Each structure stands twice: as structure tokens, then as C-alpha cells.
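A short worksheet on the structure shown next.
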Amino acid sequence: MHHLRTTVARLWPLMAAQSLSRPRLLALEGGVRTFQCTRHLKASVAAEPLLNGTSSNYMEEMYYTWLENPRNVHESWDKFFRNALPGAAYLGTSQGLAGVQALVRAQPDVERLVEDHLAVQSLIRAYQVRGHHIAKLDPLDISCVDSGSAPCTVGFQNVEFSRYKERVRGLAAGGLSGLAESDLDKVFRLPTTTFIGGSESALSLREIIHRLEMAYCQHIGVEFMFINDVEQCQWIRQKFETPGVMQFSLEEKRTLLGRVIRSTRFEEFLQKKWSSEKRFGLEGCESLIPALKTIIDKSSQSGVESVIMGMPHRGRLNVLANVIRKELDQIFCQFDSKLEAANEGSGDVRYHLGMYHKRMNRVSNRYIAMSLMANPSHLEAVDPVVQGKTKAEQFHCGDTEGKRVMSILLHGDAAFAGQGIVYETFHLSELPSYTTHGTIHVVVNNQIGFTTDARMARSSPYPTDVARVVNAPIFHVNADDPEAVMYVCDVAAEWRSTFHKDVVVDMVCYRRNGHNEMDEPMFTQPLMYKRVQKQKKVLQKFAEKLIAEGVVTAQEYEEEVASYDKICEEAYTRSKDEKILHIKHWLDSPWPGFFTVEGQPKSMSCPPTGISEEELCHIGNIAASVPVDDFTIHGGLSRILKGRANMVSQRMCDWALGEYMAFGSLLKEGIHVRLSGQDVERGTFSHRHHVLHDQNADKRTCIPMNYISPDQAPYTVCNSSLFEYGVLGFELGFAMASPNALVLWEAQFGDFHNTAQCIIDQFISSGQAKWVRQNGIVLLLPHGMEGMGPEHSSARPERFLQMCNDDPDVLPNLSGDFAVRQLYDCNWIIVNCSTPANYFHVLRRQILLPFRKPLVVFTPKSLLRHPEAKSSFDDMLPGTHFERVITDNGAAALHPENVKRVIFCTGKIFYELTRERKNRGMDDTVAVVRIEQLSPFPFDLVQAETNRYTSADLVWCQEEHKNQGYYYYVKPRIHTSVSNSRPIWYAGREPAAAPATGNKQTHLMELQRLLDTAFDLEAFAGKL
């Protein structure tokens, strides 16, 4: 019995490792695993007491129960008794435990036999878990990931067994301690968790080691054993362990050679023609091109019709030329410094541009559309943008499983490990409203950043370790072995097609040049670049290999090289004829049918944005109802819905209902609306309630907005993960896919948009100027000073206004269609609405405009429930529109000649100003004018107001501090609008470093002080 308990105790980690009982992992340390099993009928056992050797009764119970009927015990015990004690299955029930003891006495070497099998099976698992640490991944042979193991150049085939044991000492955690060289020819039964045997169920130890070495320690290293899904682990094992699995036909090898030729010779051609130009070439990772083409070929065969790609600058021109198949002359002409730019914005450097192309895939014989997204130098910033565009294309074509549209993301090793947006993008990959059903990540692992090597750039062994957070398998591959690269990419594409989950291909390579072609890498990495200088190019090595194998002849190889060189030369000749650079040829997201052939809007007018009263009432009643039977809502929500119904009956709406009217009317017109952000379903301030939750049934929800009309477009509202950078990038990408969707991102507080500043600066404010790529994304930024502190008050309007492209000192031509033409010329639209009706109109205008511009809306907080911040249905009926400026319609407007001061303002401060004006009895002497659209600035309407009140002082009043907010933006523009040289005075808070105080009393004192200044008619006297 002691022997049996000891055997089980030793074998238990193996049983758990084989996932025989699907246990829950409790601890993992030094190769010893402790598990807690769930009870299985009467035949169950707690692992920890057994392993501690404190309960022999468990073992007896297991054995007796198994003898009665093997089905009475869990399959793990059945397999244990059958495999660990050969012959025990034939002992009769009557023999009981004595039969086991007799068996042990009859076979004194059974314990050694079990220990040897345990050692071999532990060895197999060790290779599966950590074999990648000693694989030959580095083409330069200077990197060894596992510092605790022997040098990576040591291998079983050329060393004695004692040195081999040292080699795997770190891998097997002592698993070989009981084996000697004399055991190499012993035959061992293989576990079900390996495929190294192929059709054989037993192999000699020598052959087992050889096959494990071939599977896990050559030019491919596989990280997958952290995945907690048995089926997925078995799938990967089969792909890499099955003998002879990595075999290619002669035609496949010839195709692969042709792709390496094109990849290599393209870079050599550019270097020859433009040796002093930056191009961020692909030298050292030429296998990237066949890698991407393999992924696309395999995916196309699986039914994929569209591939959206994102990548940094290294190798972009090569990818454009040889993967996307951009015309070579269009690429080459960009190197001409004399090329004139068309009047389409500032443009961008050649290695930041993207494009769209649809072509026939010759492997699948199917058309496939490919988009390479334009990307700034912020290397990984494009990641969520690609995911958003992929999600949008899947949505628009009804691809709910990602079978027709997929994404590929390329990364650099330093950026993949170092930039947090990579982590954010991975975390979006499994969220229901953000998943794209699997992305293939390809890491061009240069083993160095710009001048920083991996030891200083990351804390993890691999740059790809971040992918483990979502259990994505990671396939490391030596990029100097094109066949290994091709096989790994083939498996990655099949993984994505099979499981619709992310996968990472880590191409371990090097940079033959420095960070760019003008850089000197020997300054900082002398050892590495001494190796690089001696390194034979992958094309040369691969060609020599195929020639030696008889796949191609030397003459055929030379002819293939000459053929591609001729193609490049002919394209170079054609490129000299290009005189103008048309950036529109590089659009990565074309909108067919939206613009004219010339890329201009079909009109330069915007129809009225009002809707009928019948439609307003219908949408309002939906907003006030629960359109699902047997659905119990919260009592507090019942009161909110009742309040909405009362407003509809009174022909009024508040902010939440105005938004509901805008969304609902667009949905009814077939426009998809997507609202995303933190807590947007309910609304951070509990005002929206677009998703209702049944109080008696978990996960049962209702979205009334989807019940407006039988043929309406779907409404998507989704709470996002708790980060702004990735989610805003995602929604930006979603908006790129189609102009016929209203895509909105709402910050929890406007202050929090600054963690997404990269997306705002690099893509939204300047995207059209750089890439001629219009986008209609809407940013909703809750803003307003209410004494809630410096992190919950300001959406930093000054930052957005500073990036507007209108000239403050030039009064534009105000005739004709000025309002719409001004919108077309601006880089984005900035508004701060003070009424629900104006918010309603600006949202509808965003879609009804004949072009697309980003829209930034500073939304309110206290105005969400302010009794005066309500709008009548009259302000939303047909014929009404967005008011860029809302004039004073009180007593002051009746007698403008008596007005002594005009206070210009925007947003919620209007209500404080009008309340103060009434309290002071100054309704007829002070006019308050709201500028609702700040950018592009409404010069025409502001000019009209200043001309109306010719003898009045002009004051800009804001609740923000003087160095923040709108003052320094509006002051010169108001001055330009004024027909005479009247000064523009300031009333507001003093300059400060923090956006707002967190003390309520201080806040109120500051507010009263600025109101006093605004209404003190003598305040600015004599200051000129």
C-alpha cells in the first residue's frame, strides 16, 4: 500500500498535466503541481491530503470502486490504474487490495517502471512548456532567452547524454534524474497529450528526445501551454509535433523563393536609386513579405473577403508594393523632391501612408480587398483603429463570426512590449461589442528598439509576453528560415479561422541597417552589428538551399531575379512622368458613391435638420416606455420614464430626451448609430438609461431605441473597458468604414480625454490634412465648473481650439453658402450647446452634411436636469436647424440702442448670467449672446450682433480660468468680426495651473466674482 500511495503521489502531477481530470490549477512551482478535483460520484479524491500521504483510505476506495466498474470512477483514475499498473485491470474484484499488493510483490521493478514513465512524460511536458527557450530562434545566434539553461547551441544530436541532461536541467525540473544513457533505447509508452509518435503509441527514449527536439527546439518555438483550453492545446500540439508535418511541395517552395526575391530586390533597388533617403527598409526581415502573403492566401481560402492591416514604418513600402500591390511607379515617384503636392492638405511622409486595393488572390481564386491603414510615427497607435474599422466592416456585411473580414497587425518588438496601447487592444479582443473574432499579430522582432537593446527596453523574456493576458498562442520563428516562417503563418491563419481568437507570430530577425538608412548602429550595438555584417542574406541562403535540393536551377533563379529587376526599372522610368502627388490615391478607407469622381461633395448645402411633431412624439413615447412584455424595471427608473412621458405631453424635452430624438430619428432614416464609452448605457450622470435591466432576471436587458420602427437601422450602445486611448481609437476606426453611420465616443468626464490625446492629435485633428481621410467621429466631453475638483470639471476646450485651422485675423468671404463652406474647409467642428434642441440639431447635421468632419461637443453635467435647460418641440420641427449663435431675445433685443454691454459666452455659464442679470434688474441694458459653434468661428453672425449693439461694450465671459477655456481663441476672432475697433474685455476666473477648485465654497466665491465683473458696467472704464 505504501508503494501504491507513493506511486500515485508521484504520478499525480503527470495526471494533472495531461488534463485527464480537467482540474483547477491551485499552484505551479518548480514542476510540482497541486490540484483540487471536483467530486465525481462516490469515486473522488482530494489531491492535497493524498499528496501529503495522510490518507490511505482514499486509495483503497478508488481501487475497490474501479475494480467494481471502471466507469464508477473519474476517467483520470481509470487511466491511472490501467497505465501505471499494467495487468491490474485483470485482477478480480475478490482479490481487492491484496491483489494490488500481490501485483507489486510479483513485479518488484514496477515502481522503477512507473518512475521511468513519469520521467519521460515529464520530459515531454517540459518540452511543450519550455522548449521554446532553447530553440534556435536568433539568426545572429547571440540571444538566449533562458539564462538558466545551457547555451542554445547545445543539441542532443552532437553531445553526450550527460551534457544533454545538463541542457534540459532547467526544462525537465529533474525529470531525467532517474534515466541513464543505457535507457536511451528503452521503449516507452507515449501519453495521449503528445503527437510525436504519429501512428506509433510507443517510442524509444532516443527517438522521443529526437522528435521533441525537432518539434520544439529548431527554428520554431511555441508558447501555448498557458492556454487553459484542452482542445486548443491539443490542436497546437498536433500542428507542431506530428512527424513530417512541415513539408512543402516543389511548387510551394518555388513560390516562396519568388516572394523572397521580390522582397529582397525591392529594397536593394530603392537603396541603389535613393541611397541617401530614409525608407525604413526591410533588410534583415525579408521573410515578412512571404509571411503576410501566406496569411492572406490561407485566410482567403477560408472565406475571408477583406483584410485590414496596420503596421509601423519599417517595411511599409515593401508591404505596399508586394502585398497590397500598390503600383511601383506611384511609390517611386514619392522620392522625387520636386514633386508638387495637390491642394489636398499637408500630406505625410511616404512611409506613413496607407491604401486600399481589391484584387484576385491567385491561390484561392477569389477577390480579396486589402486596406493598409495610414499611421503616424506613434508606432502602435493604429492598433485599435484597425480593430474598429474591422468591426465596422463586419457589422455592415453581417459578418457576426469574423469569417469574411479580418485584421492583421504588424508590430516592432520594442513597441509591442513597451506601448500600453498594445495591452489595451488585446483587452478589447474578447469584449462582445469590440471583438473582431481574432487578429493575427506579426512581430518584426529586431531584438532592438532605436538604439536600446532588449535588456533595457523590457522586463519580460520576450517582447510578446503581453499577449499571454488573453491566452493567445505565440509562435516564435527564426526569420532566416523562410520555410519555417511560411509554416508558422499557415498555422496562425488556420488557428484564427478555427478558433477566432488572437494569435502572435514573433519573427526573430535583425536590422541590417540602423533604425533608418542614415543611422550608424555600431555606436551603440557593436557586437550585434559585427555579426550582422558577416550575416549572409536570407535570399542567398534560401536560394542555395533550394538549388542544392534541386527545386530550382541556378539559371532559373538568376532569371527570376532579373525579371523582377526589370519590373522595377520600368516602373522607375514611368515614375518620372508624375508631376503631381495625389494623396487621394492613397486612401485606405474609400467611400464609394459618397463623393463625386473628383472627390468633392455632391453639394455644398445642408438641409434643415428638424423633424415632424408626429415623429418627435413617437420617439418620445418609445423613450418613456418598456417595449417588452413581462419586464420589471427599477422603481426609480419608472419615475424617470414617467417624467419623460410628461415632457412629451407638454411638448418639451430635456438633454437626454433631445439626444433620444436625434438618435431615434436617424435610426428611423436608416442611419446606424453607435454610442460607446465608459458607462454610456446608463450615462455617467444617470440621465440616459438607453439599456433597461430586468430586476428579476439576470442579464435580461431591453434597448427601447431598437423598437422605433420595423425597418430602422440597429442602435448599438456599449459600455467600454476602462481606458480611453484604445476605445477612442477603436471608434475612430469604426467611423472610417462608412460615412453613413453616426459614431459617438463619450468620456466619463471630459477631463479624461487626455489619456487618448494621441488619437486626438495624430488621427482626428490632422487626419484629413495628412491622409485626405474624412471622418465623422463625434466626441462627447462632459464639461462644466461645478466645484467638483480639477479632474472632473474641464474637457480642456483650449486644447481643441488651439488646433483649429481657421485664421483669427482674416475675415472670410461671408456671402452665399458661407456656413457650410466654412465647415468643409475646417479640420473639425467644436460646439458647446446650451439647449437640448441645439444638441439635437448638431447631431443630425453631422449626418446630413454632404461631407464628414470630426465633431467635438462639450456636453453639460448640471444642465442635464436644469429646469431652464429644456427645449420646446417648436425648436425641433421642420424648417429649424442648428443655431451657430443664439441671440438675446429678451428686453435688450427690443431696444438695442439702450444696451450698454453685450456679453458673449458659451455653454452653461449662460444660465448663471441670465439669472444674475435678472437679479440685478439689467434685462434691458445687458444683452447675453451665446456662441454655440466655436469652430469654425461664426464670423458672420458675431459681426451682425456687434453691428446691432453699436454703442455697447463687448465682453467675453467664461467660467474657466483665463489661461484656459475659450478666451484666447475667441478674442481675436470677435475683434476681426467687429466693424470698428472696440476692445474685447474679459470676465472670468484668474489664470491658474489647475482647471478647477475642489472646494465648493471657493468655487461659489469665484463664480460670484466673475459675475460681478461681467455686470459691473464701470469695470472696464478708462482701461484703454
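As an exercise: evaluate Arg254 against (1) in contact with a Pro (Cβ under 8 Å, 6 or more places away or on another chain); (2) of a type in the set (Lys, Arg); (3) more than 29 Å from Thr464 (Cα to Cα) and give the number of the one condition it does not meet.
Unmet condition: (1).
Do we find that His441 is at pLDDT 95 or above and under 17 Å from Leu288 (Cβ atoms) in this structure?
The answer is yes for His441.
Could you check the range 354-372 and list, in sequence order, the residues that are small (Gly, Ala, Ser) and under 23 Å from the mean Cα position of the chain (by Cα)?
If the condition is that a residue be small (Gly, Ala, Ser) and under 23 Å from the mean Cα position of the chain (by Cα), then Gly354, Ala369, Ser371 are the ones that fit.
Could you list, in sequence order, all residues of the range 741-758 that are modelled with pLDDT of 95 or more and of a type in the set (Val, Ile, Thr)?
Val743
Let's see how each residue does on (1) of a type outside the set (Gly, Ala, Ser); (2) at pLDDT 90 or above:
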residue: His585; (1), (2): yes, no
residue: Gly599; (1), (2): no, no
residue: Met604; (1), (2): yes, no
residue: Ala624; (1), (2): no, yes
residue: Pro627; (1), (2): yes, yes
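List the number of the failed condition for Val628; all other conditions in (1) surrounded by 16 or more Cβ atoms within 10 Å (Cβ to Cβ); (2) in contact with a strand residue (DSSP E or B) (Cβ under 7 Å, 6 or more places away or on another chain) hold.
Every listed condition holds for Val628 apart from (1).
Suppose we filter Lys501, Lys602, Lys576 for residues that are over 20 Å from Asp138 (Cα atoms) and crowded, with 18+ Cβ neighbours inside 10 Å; which single one remains?
Lys501
Among the residues of the range 526-538, is there at least one that is touching a Ser or Thr at 6+ places or on another chain (Cβ under 9 Å) and either surrounded by 14 or more Cβ atoms within 10 Å (Cβ to Cβ) or modelled with pLDDT under 95 (or both)?
Among the residues of the range 526-538, at least one is touching a Ser or Thr at 6+ places or on another chain (Cβ under 9 Å) and either surrounded by 14 or more Cβ atoms within 10 Å (Cβ to Cβ) or modelled with pLDDT under 95 (or both), which makes the answer yes.
Need at least 2 residues that are of a type outside the set (D, E, K, R) and under 26 Å from Met522 (Cα atoms) per element, so show me which helices (runs of 4 or more DSSP H) inside the range 392-462 make the cut, counting only ones lying wholly within it. Quick ask: steps written out before the conclusion?
Details: elements: 413-418, 420-428, 454-457.
Hits in the range 392-462: 413-418, 454-457.
Identify all residues within the range 707-730 that are more than 18 Å from the chain's Cα centre (by Cα) and either among the basic types (Lys, Arg) or closer than 30 Å to Phe426 by Cβ (or both); write none if there are none.
Pro714, Tyr715, Thr716, Val717
Within the range 107-146, can you find the residues that are aliphatic (A, V, I, L, M), at pLDDT below 90, closer than 19 Å to Phe224 by Cβ and under 34 Å from the mean Cα position of the chain (by Cα)?
Ala126, Ile134, Val145
Can you pull out every residue in the range 981-997 that is in a loop (DSSP other than H, G, I, E, B) and not small (Gly, Ala, Ser)? Don't jump to the end; show me each part of the working.
Within the range 981-997, the subset in a loop (DSSP other than H, G, I, E, B) is 981-983, 990-997.
Within the range 981-997, Arg982, Pro983, Glu990, Pro991, Pro995, Thr997 meet the criteria.
Enumerate the pairs (first residue in the range 682-707 and of a type in the set (Ser, Thr, Tyr); second residue anywhere and part of a strand (DSSP E or B)) with beta-carbon separation below 7 Å, excluding pairs fewer than 6 apart on the same chain, so at least 6 apart or on different chains.
Listed by first residue and then by second, the contacts come to Thr684/Pro782; Thr701/Leu692; Thr701/His693.
Is there a residue being free of Cβ contacts under 8 Å to residues at least 60 places away in the same chain, outside any strand (DSSP E or B), touching a helix residue (DSSP H, G or I) at 6+ places or on another chain (Cβ under 6 Å) and among the aliphatic types (A, V, I, L, M) anywhere in the range 968-980?
yes
Tell me, which helices (runs of 4 or more DSSP H) wholly within the range 846-952 include 2 or more residues that are among the polar types (S, T, N, Q)? Spell out the reasoning first.
Values: elements: 891-894, 909-920, 939-948.
Here the list reads 909-920, 939-948.
Would you say Gly221 is modelled with pLDDT of 90 or more, surrounded by 14 or more Cβ atoms within 10 Å (Cβ to Cβ) and over 15 Å from Ile124 (Cβ atoms)?
On the way: modelled with pLDDT of 90 or more: yes; surrounded by 14 or more Cβ atoms within 10 Å (Cβ to Cβ): yes; over 15 Å from Ile124 (Cβ atoms): yes.
When the stated conditions are applied, Gly221 passes them.
Taking the residues in the range 745-778 that are under 17 Å from the mean Cα position of the chain (by Cα) and touching a residue at least 60 places away in the same chain (Cβ under 8 Å) as candidates, determine which candidate is nearest to Ser862 (Cα to Cα).
Ranking the candidates gives Trp745 first.
Residues in the range 656-664: is at least one of a type outside the set (Gly, Ala, Ser), in contact with a helix residue (DSSP H, G or I) (Cβ under 9 Å, 6 or more places away or on another chain), modelled with pLDDT of 95 or more and farther than 21 Å from Ile777 by Cα?
Yes - at least one qualifying residue is present in the range 656-664.
Looking only at the range 759-771, filter to residues that are small (Gly, Ala, Ser) and surrounded by 19 or more Cβ atoms within 10 Å (Cβ to Cβ); which one of those is modelled with the highest pLDDT?
Ser765
Filter the range 594-636 down to residues that are in a helix (DSSP H, G or I) and under 28 Å from His841 (Cβ atoms), then give me how many there are.
Count: 11.
All but one of (1) out of contact with any Cys (no Cβ under 8 Å at 6 or more places or on another chain); (2) in contact (Cβ under 8 Å) with a residue 60 or more places away in the chain; (3) buried (at least 20 other Cβ atoms within 10 Å of the Cβ) hold for Arg845; state the number of the condition that does not hold.
Here Arg845 clears every test but (1).
The values are calculated or read from the model by the stated rules, or taken from the named source; none is laboratory data. No experiment lies behind these values; they were computed from the predicted model shown. Methodologically, a virtual Cβ is constructed for each residue, glycine included, from the backbone with ideal geometry; neighbour enumeration extends over all protein chains shown.
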